[in-house]
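The values are calculated or read from the model by the stated rules, or taken from the named source; none is laboratory data. Being a predicted model, the structure only gives us computed values, none of them experimental. Using ideal geometry, Cβ is built from the backbone for each residue, glycine included, and neighbour counts are taken over all protein chains shown.
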Amino acid sequence: MDSRVACVILSLVASVGADAFTFADGASASCVADGKIVKEVDAEPSQAGLYFTGKTVRISSGFLIIWNAERLKTLPPEVHDYLFFHECAHARVPTTDELNANCAGLQDMRAAGRAGFAVESRLGAFYGHGSDYWTRTLKCADVTATSKPP
């Protein structure tokens, strides 16, 4: 097993303090990037009016995930949970590219046992049936998952 996947799974099994993300089913996990837990905070009220649900930013000690809790709680459960993996991928990979974060996030969600046909179908419906964005996410996650390292 790849050490990245082991780190993700380990972080999902461990229940850690305030930096943990709470999934729709009540379970929690922490994002681990470069061997460190990525701190997660709720947006300040002045930021909450901005049009983001979550964002990952670089800070001096690594990364920080900022959540707009008001927007996050309005999402369908599978989208709510997927965004954790997406934002964590921004720090873990690291990448600023949204498709790369989608791809790595979906792979991590699958490795954690939180994805599958039904969940991914609902994610696809959320992004819009036939959405090029979601189609490219699936293609990337599928190709990368089946390709073998050199």
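Values for this structure:
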| read-out | value |
| --- | --- |
| Lys73 vs. criteria modelled with pLDDT under 95, among the basic types (Lys, Arg) and in contact with a helix residue (DSSP H, G or I) (Cβ under 8 Å, 6 or more places away or on another chain) | yes |
| Criterion (more than 25 Å from Ala141 (Cα to Cα), in contact with a strand residue (DSSP E or B) (Cβ under 8 Å, 6 or more places away or on another chain) and not polar (S, T, N, Q)) met by exactly one of Val41, Val57 | Val41 |
| Residue match in region 70-92 (condition: among the polar types (S, T, N, Q), in contact with a Leu (Cβ under 7 Å, 6 or more places away or on another chain) and within 26 Å of Arg122 (Cα to Cα)) | no |
| Entirely in region 45-150, the helices (runs of 4 or more DSSP H) that have 2 or more residues that are crowded, with 19+ Cβ neighbours inside 10 Å and free of Cβ contacts under 8 Å to residues at least 40 places away in the same chain | 77-92, 98-111, 132-146 |
| Selection count, region 78-99, where residues are hydroxyl-bearing (Ser, Thr, Tyr) and under 10 Å from the mean Cα position of the chain (by Cα) | 1 |
